[in-house]
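First the structure, in the form of structure tokens, and then the observations on it.
The values are calculated or read from the model by the stated rules, or taken from the named source; none is laboratory data. As the structure is a computational prediction, the values presented were derived from the model and not from experiment. Heads up, the Cβs are rebuilt from the backbone with ideal geometry, glycines too, and the neighbour counts pull from every protein chain shown. Note: accessible area is taken over every heavy atom of the protein model, side chains too, but ligands, DNA and RNA are not part of it. Shrake-Rupley method; radii C 1.70, N 1.55, O 1.52, S 1.80 Å.
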Amino acid sequence: MQASDLRAGMCVLHEGSVCRVMSVMHRTPGNLRAFVQVRMRNLKTANSFEYRYASTENVERAMLDTMPMEYLYSDSEGHHFMNQQNYEQVALQDEVLGDALLYTLPNSAIKIDFYEDAAVGVELPNAVTLTVAETEPGMKNATASASHKPAKMETGLMVNVPQFVNEGDKITIDTRENKYLNRA
């Protein structure tokens, strides 16, 4: 496919690695040739970078198999997931999961991407509900938009929350931006 056909969310092969396209910007500067500025994340290393393609340059699209899997537990061998269709279990290492484990509770379902029978990445839902494990007491008469305070979730994730959120509250978090959305 041509670089001008790239869209956010697609997976491509870039220099031998599978990368997920995070954002695409097509530019045509004055009297120069058009190009496509792409922000990508390497699915194996979780590093993000930018790359510039000529708009007519060919890009190889990676075909991934996405399987819904249930997170079971973690031990010294890795983080164990079970395929919800055939009940096979897979142990994934920290490099594959990245920060995704901070949004994942036992028995929760996520989608895992496989490329040539090897797990290369995780697709989290856009929002997850977690319980606040630790936070400071809120200030009296504080409004929702006035100020925020740090809160530690049950998974260890740190999120800034409004003053009215207390320990034990269930809140919804946007996994793309690590932001508080609302109380659940």
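So is R20 within 15 Å of the chain's Cα centre (by Cα), basic (K, R) and either open to solvent by 40 Å² or more (accessible area, probe 1.4 Å) or at pLDDT 85 or above (or both) or not?
yes
Search region 88-123 for residues being without any contact (Cβ under 8 Å) to a residue 40 or more places away in the chain, more than 16 Å from S48 (Cβ to Cβ) and in a strand (DSSP E or B), and hand back the single one that is least open to solvent (accessible area, probe 1.4 Å). In this case the residue turns out to be L92. Scan region 170-184 for residues that are surrounded by 14 or more Cβ atoms within 10 Å (Cβ to Cβ), without any contact (Cβ under 8 Å) to a residue 24 or more places away in the chain and not in a strand (DSSP E or B) and the total you get is 1.
How many residues are aromatic (F, W, Y) and in contact (Cβ under 8 Å) with a residue 40 or more places away in the chain if we restrict to region 37-55?
1
Collect the residues in region 1-33 that are outside any strand (DSSP E or B) and of a type in the set (K, R), keeping them in residue-number order.
Restricting attention to region 1-33, the residues satisfying the condition of being outside any strand (DSSP E or B) are 1, 3-10, 15-16, 28-33.
Those that are outside any strand (DSSP E or B) and of a type in the set (K, R): R7, R33.
Scanning region 124-137 for residues that are in a strand (DSSP E or B) and charged (D, E, K, R) gives a single hit, E134. Contact annotation: residue pairs with Cβ atoms under 9 Å, 6 or more positions apart or on different chains, pairing a residue in region 157-169 that is within 13 Å of P137 (Cα to Cα) and assigned to a strand (DSSP E or B) with a partner that is of a type in the set (V, I, T) and open to solvent by less than 10 Å² (accessible area, probe 1.4 Å), are V161/V132; V161/I171.
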